[in-house]
1. Which ones in the stretch 30-63 are modelled with pLDDT under 85 and surrounded by fewer than 19 Cβ atoms within 10 Å (Cβ to Cβ)?
2. Which members of the stretch 128-168 meet the condition of being touching a strand residue (DSSP E or B) at 6+ places or on another chain (Cβ under 9 Å) and outside any helix (DSSP H, G or I)?
3. If I filter the stretch 126-147 down to residues being among the hydrophobic types (A, V, I, L, M, F, W, C) and surrounded by fewer than 20 Cβ atoms within 10 Å (Cβ to Cβ), which single residue comes out as farthest from Arg115 (Cα to Cα)?
4. Return the only residue of Gln62, Gln66, Gln50 being at positive phi and under 18 Å from the mean Cα position of the chain (by Cα).
5. What number of residues in the stretch 212-256 are in contact (Cβ under 8 Å) with a residue 60 or more places away in the chain and either more than 19 Å from the chain's Cα centre (by Cα) or within 16 Å of Val270 (Cβ to Cβ) (or both)?
6. What's the total number of residues in the stretch 244-263 that are closer than 20 Å to Glu284 by Cα and in contact with a Leu (Cβ under 8 Å, 6 or more places away or on another chain)?
7. Would you tally the residues in the stretch 283-310 being in contact (Cβ under 8 Å) with a residue 12 or more places away in the chain, part of a helix (DSSP H, G or I) and out of contact with any Gly (no Cβ under 9 Å at 6 or more places or on another chain)?
8. Mind checking which residues of the stretch 103-122 are modelled with pLDDT under 95 and of a type in the set (S, T, N, Q)?
Amino acid sequence: MEYTLSTVGSYPRPEWFSDYLKKQEGLQKGSRVGIDDSYMRALAEVLGEQKKSGIRLLTDGQLLWQNMLCHLCDSLDGFRLSGLIRYFDNNMYYQMPEAVGRVERGNPIILDEYRAACSVEKNIKPVLSCYSLVDLSQNRFYGDEKEFLMDVAEVMNQEAKALAGAGASIIQVDEPSLLFADKEGVEAAGEALEVLTKGVNASFILATYFRDAKGLYPEILDYPIDVLGLDFVEGLKENLKLIKEHPTEKIIQAGVVDGRTTLMEKPSEVKEVIDSITELVSGEKLFLSPNTGLEYLPYVKASEKMGVLSASVD
């Protein structure tokens, strides 16, 4: 069986590029330095590492992203950045975005980065976020949280249309916060996805990670998405149970190697997990990936993780 292998989103920066960003911006995770020759060199290196590991559906590694939130907010009117706060249970912190005015798309968000990646390789998967961006931000403007969410969804719809117009056939929406949402949040996220995906000529992946998805089923299967990303590292037992109890025609993007630890799995161990999934989902309906972005790992370890993923299906 030939599976579609993919990365989730982020990828560690080459050490030399991290040093370059520090010199340019004075930040460990530099903000928008811009698409210059150094960025293009780093981009080609990261895309090459993915291809060498057998990855077919690539990401640009989010090499200019300070984190999942700030970069997406950086080009949007209505946001400002506040103090540091921890990103879930990771040893990483981000500047919390604050909505201080109506959120509008004054400029493209990641369109230029997507075009740059496409000039190097094909099959690039751009990554957006909506519900999680709102959930992890501070609302200091909207009287109603739902209005805040829908404005962000509309902005992301505009960006998704631009990405599809530039050639993106698959767009991923990262939503780790969904796994911690209550029933009202799950319903609101579904409505936001209706707005985000409306009129966009592309397929959509909904990526969840950091735990199992039992709080979302079966409602999530009605979302307007084509691919459902599930964490089979931190949510293996429960997620297997869920896809068994609630069969779906949607493609499953299965996170089967741990993107948050340098400990290397054996390919045989990963294959056992894949086999347990293929008992419930046909190989044609399965993407394989790390369970989360790889920026938590050193650069060389990320490459090794991708090698393990590739070796597990050889």
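1. The answer is Ser31, Arg32, Val33, Gly34.
2. Listed by number, the residues that qualify are Leu128, Ser129, Cys130, Leu136, Ser137, Gln138, Asn139, Arg140, Phe141, Tyr142, Gly167, Ala168.
3. Per the stated criteria, the residue is Phe141.
4. Within the list Gln62, Gln66, Gln50, the selection yields Gln62.
5. The qualifying residues number 3.
6. Final tally of qualifying residues: 12.
7. Residues that pass the stated criteria total 7.
8. Matches in the stretch 103-122: Asn107 only.
The values are calculated or read from the model by the stated rules, or taken from the named source; none is laboratory data. For clarity, every value in this text was computed on a predicted model and none was experimentally measured. Positions of Cβ are generated from backbone atoms using ideal geometry, with glycine treated the same way; all protein chains shown enter the neighbour counts.
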